[in-house]
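**Student:** Take a look at this one; I'll ask things after.
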Protein chains: 2
Amino acid sequence: MIPTLLAQGEGEWLQGEGPESDVVMSTRIRLARNVQGYRFSTRIEIGESQELLGFLREKILSLPDRNFLWADLRDLGPIERQILVERHLISREHAAGDGPRGVAVEPGEKLGIMVLEEDHLRLQVLISGLDVEKAWREMSALSSGLAERIPFAWDERFGFLTACPTNVGTGLRVSAMLHLPGLVISRQIEKANQTAQKIHMAVRGLYGEGSRPASDLFQISNQVTLGRTEADLCAEFQEVVEKIVAWERETRNQLLAERRTELEDQASRSLGILERARTMTSEEALQHLSRLRLGIHLGLVENLSLAKLNRIFLWVQPGHIQKEAGKALDPQERDILRAEKLRELMP
Amino acid sequence: MIPTLLAQGEGEWLQGEGPESDVVMSTRIRLARNVQGYRFSTRIEIGESQELLGFLREKILSLPDRNFLWADLRDLGPIERQILVERHLISREHAAGDGPRGVAVEPGEKLGIMVLEEDHLRLQVLISGLDVEKAWREMSALSSGLAERIPFAWDERFGFLTACPTNVGTGLRVSAMLHLPGLVISRQIEKANQTAQKIHMAVRGLYGEGSRPASDLFQISNQVTLGRTEADLCAEFQEVVEKIVAWERETRNQLLAERRTELEDQASRSLGILERARTMTSEEALQHLSRLRLGIHLGLVENLSLAKLNRIFLWVQPGHIQKEAGKALDPQERDILRAEKLRELMP
């Protein structure tokens, strides 16, 4: 079953479709759930967790109208775990742990479940573009199906109980992956960050440290989970992200009007370098891919689809490069193989 | 006659052929000559220089077995003069002057004559690769032919008299244009420079200021013109340049053994950027072309001939870009047209 799950490859969220997909790469909803009568994952003992893992595996795989694939994390090597992280199917923490733990994924990778991460269950819906309502409908169906078979830990006053109090209540986190090169180039990204924080949204760089990730990709998520309905949280999130999308678009248009040649030159050079380089770090690759993505949306780059670009974003990462090679590689070897893969993938 | 001379275009010295052409782009010999009974160009008066110009023009154009094309510099605009500078047919000083002055060039641009530059006549032979003896034979034939028709200023003690004492005697300057990326990358270029100076050879960067010209092209020339025969000066020069060639080759091979991936990556990226950029300064273009030239000689770049690369070296320069456009352009406009031309010329 493990190879089947790993062989899945490219999730639907990479299609580059859905509303606002010029700015929003993907929308994600996750619910934290725990099972009544078992201690939280953080305090559980090995026998108990082994039993719980088997119980949850059986419940997930027997869900009607679902077709989950399963992997026990202990059966996966470091490269295989890293691939699942890069595909956004498991967290870095889940990959790094060593107790009994599992992951379930539906083909297309829209639905995923981490088992025995910080909570017993972390349900995930991941879709292309910005559509929180759609993601919530999917999540609602998944969690209802599971709730019919699994007694979730729930308290009348607090709502769903979670290992960490920041998740208690709805157990809901909504997040979106935004491509914000316009706000970065025009030096407004810090302002966007501060504005989001004021309304209890967190913005952080994806793939890469520092205030400007090479990819210009940022993740925004809600920080409040208690005292509001799921529908309210989703609607508010959608509204906030739509505002950032409008801001980013306006900035892009302004840049296009004022610095067209420069943007065209940058995107075009990035294309030339990706087509020709013989060695490249993942950070540099992400930077070129970001410029190309902007170029595609501004109509400055031809013959390259967003779906293809998204797949490349995934494939240049260290885990995928090593999977391709079939073995662990040192960074220099990875950089050479990455450049090779890029030459193969570019138009 | 002017359009004919300007339309010539690409000199034989750009063919990338001849001995040691992996390092030596071209060999040049020039002779300074003045006409008896006229004051030096630096002190001449307008009526006298007008008369001398007509006299020399007639002598040059009537040389038997020669086919010189003629242009009066006063008939040429700034862009046309700049093109002649970029083709190494006239000096910057000759282009900048405003008195009566001319230039004569044979098709193929191997033989050229500046008339009323610092000296009344500056004869030039410019050939591909390193072959001082061949260049001297050509020069000898040209100067003899002229000497039969023109009484050169000559003194028994000093030899040929010249406007500047540094040229007196033979009036000979031998120079070669060397591509020395190996010595630059390995930080030995300063040492090469000092070694050359010790034996009275001058080394200076071509196209670009500073100790490292973007093109990695250097011109080496003899500084002694007095008290030696022309044959001696030529033989010594050939010997010195051959040593530098051997040094550069050895360094390239060492770099290839130690840093192959890096060199391959640099050459290949330069190719990608030249193929794709939308705006580029001439300095940046020269840098990429230098990396490609090295790549060709190390066998790291395919499908690109040295002759083609040499032509591109010429065509990316400001005068040629503006000639192509048919009008004067500001630097930003030139950079855009240069990138356009590069996309057209690259394989």
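**Student:** Please pick out the residue among B:Val245, B:Val240 that is more than 14 Å from every other protein chain (Cβ to nearest Cβ), β-branched (Val, Ile, Thr) and farther than 26 Å from B:Arg311 by Cα.
**Tutor:** On inspection, the qualifying residue turns out to be B:Val240.
**Student:** Hey, A:Thr42 hits all of (1) at negative phi; (2) buried (at least 19 other Cβ atoms within 10 Å of the Cβ); (3) touching a residue at least 40 places away in the same chain (Cβ under 8 Å) but one; which does it fall short on?
**Tutor:** (2)
**Student:** Would you check if there is a residue in the range A:194-215 being within 21 Å of A:Leu298 (Cα to Cα), at pLDDT 85 or above and not in a loop (DSSP other than H, G, I, E, B)?
**Tutor:** No, the range A:194-215 has no match at all.
**Student:** Moving on. Which number in (1) open to solvent by 60 Å² or more (accessible area, probe 1.4 Å); (2) touching a residue at least 12 places away in the same chain (Cβ under 8 Å) marks the one condition that A:Glu58 misses?
**Tutor:** (2)
**Student:** Return the total of residues in the range B:142-195 being open to solvent by less than 40 Å² (accessible area, probe 1.4 Å), more than 30 Å from B:Leu286 (Cα to Cα), out of contact with any helix residue (DSSP H, G or I) (no Cβ under 6 Å at 6 or more places or on another chain) and β-branched (Val, Ile, Thr).
**Tutor:** Qualifying residue count for the region: 2.
**Student:** Looking at (1) more than 8 Å from chain B (Cβ to nearest Cβ); (2) part of a helix (DSSP H, G or I), which one does A:Gly299 not meet, given that it meets all the others?
**Tutor:** Evaluating A:Gly299 over (1) more than 8 Å from chain B (Cβ to nearest Cβ); (2) part of a helix (DSSP H, G or I) leaves (2) as the failure.
**Student:** For a quick check of your reading of the model, give me the residue pairs whose first member lies in the range A:155-166 and is touching a residue at least 24 places away in the same chain (Cβ under 8 Å), whose second is basic (Lys, Arg) and not in a loop (DSSP other than H, G, I, E, B), with beta-carbon atoms closer than 9 Å and at least 6 apart or on different chains.
**Tutor:** A:Phe160/A:Arg33; A:Thr162/A:Arg33
**Student:** Okay, next question. Taking the stated definitions as given, is B:Ile312 more than 14 Å from every other protein chain (Cβ to nearest Cβ), free of Cβ contacts under 8 Å to residues at least 60 places away in the same chain, out of contact with any His (no Cβ under 6 Å at 6 or more places or on another chain) and open to solvent by 10 Å² or more (accessible area, probe 1.4 Å)?
**Tutor:** No; evaluated as a whole, the condition is false for this residue.
**Student:** Can you give me the number of residues within the range A:292-309 that are open to solvent by 30 Å² or more (accessible area, probe 1.4 Å) and either under 14 Å from A:Arg343 (Cα atoms) or in contact with a strand residue (DSSP E or B) (Cβ under 7 Å, 6 or more places away or on another chain) (or both)?
**Tutor:** Selection size over the range A:292-309: 1.
**Student:** Please give the number of the condition A:Asn303 fails out of (1) of a type in the set (S, T, N, Q); (2) in contact with a helix residue (DSSP H, G or I) (Cβ under 9 Å, 6 or more places away or on another chain); (3) in contact (Cβ under 8 Å) with a residue 40 or more places away in the chain.
**Tutor:** All conditions are met except number (2).
**Student:** Show the residue pairs meeting these rules: Cβ distance below 7 Å; 6+ apart or different chains; first residue within the range A:324-347 and within 13 Å of chain B (Cβ to nearest Cβ) and in contact (Cβ under 8 Å) with a residue 40 or more places away in the chain; second residue surrounded by fewer than 19 Cβ atoms within 10 Å (Cβ to Cβ) and of a type in the set (Val, Ile, Thr).
**Tutor:** Short answer, once both residue conditions are applied: A:Asp335/A:Thr281; A:Ile336/B:Thr261.
**Student:** Can you pull out every residue in the range A:228-252 that is in a helix (DSSP H, G or I) and either in contact with a Ser or Thr (Cβ under 7 Å, 6 or more places away or on another chain) or farther than 30 Å from A:Leu300 by Cβ (or both)?
**Tutor:** Scanning the range A:228-252 gives A:Glu230, A:Ala231, A:Asp232, A:Leu233, A:Cys234, A:Ala235, A:Glu236, A:Phe237, A:Glu239, A:Thr251.
**Student:** Can you tell me how many residues within the range A:235-266 are among the acidic types (Asp, Glu) and surrounded by 14 or more Cβ atoms within 10 Å (Cβ to Cβ)?
**Tutor:** Number satisfying all stated conditions: 5.
**Student:** Just one of (1) outside any loop (DSSP other than H, G, I, E, B); (2) surrounded by fewer than 19 Cβ atoms within 10 Å (Cβ to Cβ) trips up B:Ile220, so point out which.
**Tutor:** With respect to (1) outside any loop (DSSP other than H, G, I, E, B); (2) surrounded by fewer than 19 Cβ atoms within 10 Å (Cβ to Cβ), B:Ile220 is out only on (2).
**Student:** Could you list, in sequence order, the residues of the range B:137-187 that are over 26 Å from B:Arg39 (Cβ atoms) and of a type outside the set (A, V, I, L, M)?
**Tutor:** Those that are over 26 Å from B:Arg39 (Cβ atoms) and of a type outside the set (A, V, I, L, M): B:Arg137, B:Glu138, B:Ser140, B:Ser175, B:His179, B:Pro181, B:Gly182, B:Ser186, B:Arg187.
**Student:** Across the range B:274-291, which residue is most open to solvent (accessible area, probe 1.4 Å) among those that are away from chain A (no Cβ under 11 Å) and out of contact with any strand residue (DSSP E or B) (no Cβ under 9 Å at 6 or more places or on another chain)?
**Tutor:** Checked the range B:274-291; the qualifying residue most open to solvent (accessible area, probe 1.4 Å) is B:Glu283.
**Student:** Let me ask another. Condition check: more than 30 Å from A:Lys243 (Cα to Cα) and either touching a residue at least 40 places away in the same chain (Cβ under 8 Å) or of a type outside the set (Ser, Thr, Tyr) (or both). Does A:Leu31 satisfy that?
**Tutor:** No: the conditions fail for A:Leu31.
**Student:** Would you confirm whether or not the range A:7-17 contains a residue that is farther than 25 Å from A:Pro318 by Cα and open to solvent by 10 Å² or more (accessible area, probe 1.4 Å)?
**Tutor:** Yes, there is a match, as at least one residue in the range A:7-17 is farther than 25 Å from A:Pro318 by Cα and open to solvent by 10 Å² or more (accessible area, probe 1.4 Å).
**Student:** Got a number for residues in the range B:312-337 being part of a helix (DSSP H, G or I) and over 21 Å from B:Gln266 (Cα atoms)?
**Tutor:** Total satisfying the criteria: 17.
**Student:** Another question, then. Could you list, ordered by first residue, the pairs with Cβ atoms under 9 Å in which the first is in the range B:252-268 and within 14 Å of chain A (Cβ to nearest Cβ) and the second is open to solvent by 80 Å² or more (accessible area, probe 1.4 Å) and assigned to a helix (DSSP H, G or I), at least 6 apart or interchain?
**Tutor:** Pairs found: B:Thr261/A:Gln332.
**Student:** Looking at the range A:315-337, which of its residues are open to solvent by 20 Å² or more (accessible area, probe 1.4 Å) and under 21 Å from A:Ile127 (Cβ atoms)?
**Tutor:** Matches in the range A:315-337: A:Trp315 only.
The values are calculated or read from the model by the stated rules, or taken from the named source; none is laboratory data. The shown structure was predicted, so the numbers you read here are calculated from the model rather than taken from an experiment. Every residue, glycine among them, receives a Cβ derived from its backbone with ideal geometry; neighbour counts consider all protein chains shown. These accessible areas exclude ligands, DNA and RNA; they are computed on the full protein's heavy atoms, side chains included. Shrake-Rupley method; radii C 1.70, N 1.55, O 1.52, S 1.80 Å.
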